[in-house]
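A.B. asks: One structure is given below, represented as structure tokens, and several questions about it will come after.
The values are calculated or read from the model by the stated rules, or taken from the named source; none is laboratory data. Quick caveat, the model's predicted, so the values are computed rather than measured. Cβ placement follows ideal geometry from the backbone for every residue including glycine, while neighbour counts extend to all protein chains displayed. Surface areas here come from the heavy atoms of the whole protein model, side chains and all, with no ligands, DNA or RNA. Shrake-Rupley method; radii C 1.70, N 1.55, O 1.52, S 1.80 Å.
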Amino acid sequence: MKILTILGARPQFIKSAPLSLAFKKNQIQEVVIHTGQHYDFSMSEIFFKTLKLKKPLYQLNHGSKSHAQMTADILKDTEAILLQEKPDFTLVYGDTNSTLAGALASIKLQIPIIHIESGLRSFDHTMPEEINRILTDKISKILFCPTKNALSNLKKEGFKAPQYLIKNVGDIMFDASKLFATYATKPNLSIQSHFCICTLHRAENTDDSKKLHTILKAIDKIASKQQVIFPIHPRIQTLFSTKDYPHITFCPPLGYLEMLWLLQKTQIVLTDSGGLQKEAYFFKKHCIVLRENSEWMELIENNYNFLTGSDEEKILTTFDNISQISNSSFCEKFYGNGKSAQKIISVLKGFE
């Protein structure tokens, strides 16, 4: 079996590691395209030296473009590679422009698509990621869901056999978090014994100046009582002055291994990131979600994570009262048992 994997963003490289190792162990040939959408070069040594994974065979250069231009360029280049490689399947992860472009190139050539993280929904069509994931699900053949909710979403939308093969295999990111946790690295920062992590990058927050400054104002008030470490995403570096929020510990973007170290030590996570909400749960941390919706509603419904949007009072009240309103068991297996890669391999073996 030959599988062509398309990767475009740091989280996708991270998710791919446990599955690529499983492919190698089971003698499944994997060819990797890196679209150039985004990459964390600090991960290179872990991937290629420590884990002994092969470097991507194809290296494209499609970062820093508009959504339409990036999708079109990746689609064009991927089509040429697919025609050359002739894989049995194309494999895509999540909801990036690389995901959609790779899926579109494949379906035009009648190459079946494997979509990992199928069925996730925020139900917010203003998010580019939501459009990418819905369209990719529609044209995929094998849909690997990370949760029961994701599986339920697909059923409600009419996905069914024989057009689709749908399996809940748990979350591949849980596999990856377990794999990389032992390599976690302390950031080169002054870190107090009690601290929180905050990240912010969603367009719904950063493209609205009022929302952005309201959130930062709330975070700064929290930081006046407890250290808040805030890695600044490149897309928001020029949107505000750090001097206006003197209590926050701002720092440059951190590598994944540094973020893992912080996740293991932090008190609370504040974020608008989809992935970080869930990773907080992996490491038994509560999360304040700086959005109006979430793909991970099981965490909201069970009082592990809390939606606040950009409401300053709600952010502050939730932070102050989180110990009284939260669930501290962290015992539910919402995301499987960390063996998603093995389950995926078992399904794919049936096509050999």
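A.B. asks: What do you reckon, how do Val31, Val347 stack up by accessible area (1.4 Å probe), largest on top?
C.D. replies: So, going from the largest accessible area down, we get Val347, Val31.
A.B. asks: Kindly express, to the nearest 10 degrees and within the range 0 to 90, the angle between helix 128-139's C-alpha long axis and the longest C-alpha principal axis of the chain.
C.D. replies: 20 degrees
A.B. asks: Between beta-carbons, use under 14 Å as the cut-off and find the net charge around Lys284, counting Lys and Arg +1, Asp and Glu -1.
C.D. replies: So the environment of Lys284 carries a net charge of +3.
A.B. asks: Please enumerate, by chain and number, the lysines with C-alpha under 19 Å from the C-alpha of Lys265, excluding those fewer than 8 residues away in the same chain.
C.D. replies: Of all the lysines, those that pass the test against Lys265 - Cα under 19 Å, at least 8 places apart if same chain - are Lys178, Lys186, Lys225, Lys278, Lys284, Lys285.
A.B. asks: Please give, to one decimal in nm, the separation of the simple spin-label points placed at Ala184 and Leu21, each 7 Å out from Cα toward the Cβ.
C.D. replies: 1.7 nm
A.B. asks: A further question follows. Protein chains only, probe 1.4 Å: how do Ser106, Ser224 rank by accessible area, largest first?
C.D. replies: Ser224, Ser106
A.B. asks: What is the P(r) of the range 158-306, as percent of Cα-Cα pairs per 5 Å bin from 0?
C.D. replies: Spelled out per bin, shortest first, that is 2, 8, 18, 20, 20, 14, 8, 4, 3, 2, 1, 0.
A.B. asks: Let me see the P(r) profile for the range 1-159: every Cα-Cα distance counted, bins of 5 Å, each bin given as a percent of all pairs.
C.D. replies: Here the calculated profile for the range 1-159 is 2, 9, 19, 22, 21, 16, 8, 2, 0.
A.B. asks: Quick one: order Ser193, Ser140 from most to least accessible surface, probe 1.4 Å.
C.D. replies: The ranking, largest first, comes out as Ser193, Ser140.
A.B. asks: Follow-up question, since we're still on this one. Tell me, what is the per residue accessible area of the chain in Å², probe radius 1.4 Å?
C.D. replies: Values: 15580 Å² over 352 residues.
Accessible area per residue: 44 Å².
A.B. asks: Same structure, new question: Once ligands and nucleic acids are excluded and a 1.4 Å probe is used, how much of Thr249 is accessible, expressed in Å² to the nearest 10?
C.D. replies: 40 Å²
A.B. asks: Next question, about the same structure. In the range 43-82, what trypsin sites (Lys or Arg not before Pro) fall in a loop by DSSP, with at most 10 other Cβ atoms inside 10 Å?
C.D. replies: Of the trypsin sites (Lys or Arg not before Pro), the ones in loops of the range 43-82 whose Cβ has at most 10 other Cβ atoms within 10 Å are Lys52.
A.B. asks: Given a Förster radius of 22 Å and the C-beta distance between Lys156 and Glu301 as r, what FRET efficiency does 1/(1 + (r/R0)^6) yield to the nearest 0.05? Don't jump to the answer; show the numbers that get you there.
C.D. replies: Working: r = 17 Å, r/R0 = 0.76.
E(calc), rounded to 0.05, equals 0.85.
A.B. asks: Grab the Cα-Cα distance for Ser66 and Glu45, subtract it from 0.36 nm times how many residues apart they are, and report the gain in nm with one decimal.
C.D. replies: 4.5 nm
A.B. asks: Separate question: To the nearest 10 degrees, how steep is helix 340-349 against the longest Cα principal axis of the chain, on a 0 to 90 scale?
C.D. replies: Taking Cα atoms only, the helix is inclined about 10 degrees.
A.B. asks: Same structure, new question: Could you point to the label whose value was computed as Cα extents along the principal axes in Å for the structure here, given (1) 78, 46, 37; (2) 83, 47, 33; (3) 58, 38, 37?
C.D. replies: Read-out taken from this structure: (3).
A.B. asks: Still on this model: Amide H of Asn168: which non-local residues (sequence gap of 5 or more, or other chain) have their own amide H closer than 5 Å, using H built in the peptide plane?
C.D. replies: Amide H neighbours of Asn168, under 5 Å, 5+ apart: Cys145.
A.B. asks: So what's the convex hull volume per residue for the Cα atoms of the range 86-221, in Å³?
C.D. replies: That works out to 175 Å³ per residue.
A.B. asks: If you roll a 1.4 angstrom probe over the protein chains with everything in place, what fraction of the accessible area of the range 83-218 belongs to carbon and sulfur, to the nearest %?
C.D. replies: 54 percent
A.B. asks: Right, something else. First compute the accessible area of the range 244-306 with a 1.4 Å probe, then give the percent of it belonging to carbon and sulfur atoms.
C.D. replies: Carbon and sulfur: 47 percent of the exposed surface of the range 244-306.
A.B. asks: Quote the charge dipole size of the chain about the Cα centre in Debye, to the nearest 20; the model charges only the Cβ of Lys and Arg (+1) and of Asp and Glu (-1).
C.D. replies: Roughly 1020 debye for the chain.
A.B. asks: Enumerate the calculated ³J(HN,Hα) couplings along the range 73-90 in order (Karplus 6.51 cos²θ - 1.76 cosθ + 1.60, θ = phi - 60°), each rounded to whole Hz, writing x wherever the residue is Gly or Pro.
C.D. replies: Karplus-based 3J(HN,Hα) across the range 73-90 equals 5, 5, 4, 4, 5, 5, 4, 4, 5, 4, 5, 7, 7, 6, x, 6, 9, 9 Hz.
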